[in-house]
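Down below is the structure, laid out as structure tokens.
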């Protein structure tokens, strides 16, 4: 891992879970605070001390130099790198999930947190020897035989 990647992870504050008030106060009522900032901050250039360089750590710059051979073939550097946008969740997830929500979550995009929460719910149901099936147009939990 290069030094610039380490510094970028240190600048982001950790996301703290927030517990919503409920009648039972159990873990199922716990919510997660999602940061709405999707901007990527620039990391300042870092100088590597000589003793760290001796250990084999190298500092890489953001600009990639294109070799002369590739430039002769017509390869040109593109514009500034475009930051990856983080999809924001428009609907808050309230725990525990119903079976309807689990099935709908399985059809969400792969980057959706609801998709992975639904996948985890299916895994937990399989540990309990249960699965979710459509029976006569209704979603039901059925024991695995």
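The values are calculated or read from the model by the stated rules, or taken from the named source; none is laboratory data. Just so we're clear, the structure is a prediction, and the values are computed from it rather than from any experiment. Virtual Cβ from ideal backbone geometry, glycine too; neighbours counted across all protein chains shown.
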Residue count, region 127-140 (criterion: farther than 14 Å from residue 104 by Cα and surrounded by fewer than 12 Cβ atoms within 10 Å (Cβ to Cβ)): 6
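How about region 129-145: which of its residues are on the phi > 0 side of the Ramachandran plot and modelled with pLDDT under 95? Full working, then the answer.
First pass over region 129-145, keeping only residues on the phi > 0 side of the Ramachandran plot: 129, 136-137.
Answer for region 129-145, where residues must be on the phi > 0 side of the Ramachandran plot and modelled with pLDDT under 95: 136, 137.
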Residues of region 43-60 that turn out to be surrounded by fewer than 10 Cβ atoms within 10 Å (Cβ to Cβ) and either modelled with pLDDT under 70 or in contact with a strand residue (DSSP E or B) (Cβ under 7 Å, 6 or more places away or on another chain) (or both), as a count: 1
Those residues of region 105-141 which are touching a helix residue (DSSP H, G or I) at 6+ places or on another chain (Cβ under 7 Å) and over 22 Å from residue 92 (Cα atoms), in sequence order: 131, 132, 139, 141
Selection count where residues are in a helix (DSSP H, G or I) and either at positive phi or free of Cβ contacts under 8 Å to residues at least 40 places away in the same chain (or both), scope region 94-112: 6
